[in-house]
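Following: one structure in structure tokens, then a few remarks.
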């Protein structure tokens, strides 16, 4: 399950969520997801941040819920700050902390002068660092900025393409494809959605054994995006539901509470 929100956090993460902030017209957004795994309400995902005209920020946490904490020992914290440039979400800085029992792994990524700079504690060996740096040539973003970019897209189909992502721990591609449309009823959103499929493709940072396993059976996630009114951007696509399978066990993530600009989510009119 942790793989879902770490790699897709669109999937859902997966999954997930968006937030942006502008210095003048910041619009706060808060989303809480319940993640059900194998019939158990296993994890909670919280998203908080702001949407603005020129800049954005977002914070995400993923924690075991209730008795699931006896079996799930990992938790995640992600944060990003960035700007909008030419209608694109451009990250300035991103961090991701992974905790498992008494072990903590912390990664920081910065985009400066067209280059990606990063650090991780504990550090990687020379071979893994070399592989990661080789994979960072060209356009690279972080998982939260990828979702934000998808959210503010004015395309009739924001679910398309292949995106190179680096979270400070791993480099991977997300192959995104629209597979349909649906009308949904969730605790926070009732209305039309588009359905996106996200396929995770490992590139560098993970062990070779894990990479071979994921290439042979790539994690695939499905996200339902609702079109929601936004003061700063007219409207945005926002994930309200996600599904997938982790190690043979299915999961469903549902938004259980949400506010946008201090108000409930409101579907935008077709065509904006």
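Brief remarks follow.
- Once the Cα gyration tensor of the range 84-222 is diagonalised, semi-axes √(5λ) in Å: 29, 19, 15
- Relative exposure of 238, 206, judged by other C-beta atoms within 10 Å (fewest first): 206, 238
- By the count of other C-beta atoms within 10 Å, a proxy for reagent exposure, 115, 178 are ordered fewest to most as 115, 178.
- Mean Cβ neighbour count within 10 Å, used as a protection proxy, ranking 121-134, 214-227 highest first: 214-227, 121-134
- With neighbour counts taken as other beta-carbon atoms within 10 Å, the residues 266, 213, 185 rank, fewest first, as 185, 213, 266.
Computed from the coordinates by the stated procedures, all read-outs in this text should not be read as laboratory data. Predicted model, so just to flag it, every value in this text is computed and none were measured. Heads up, the Cβs are rebuilt from the backbone with ideal geometry, glycines too, and the neighbour counts pull from every protein chain shown.
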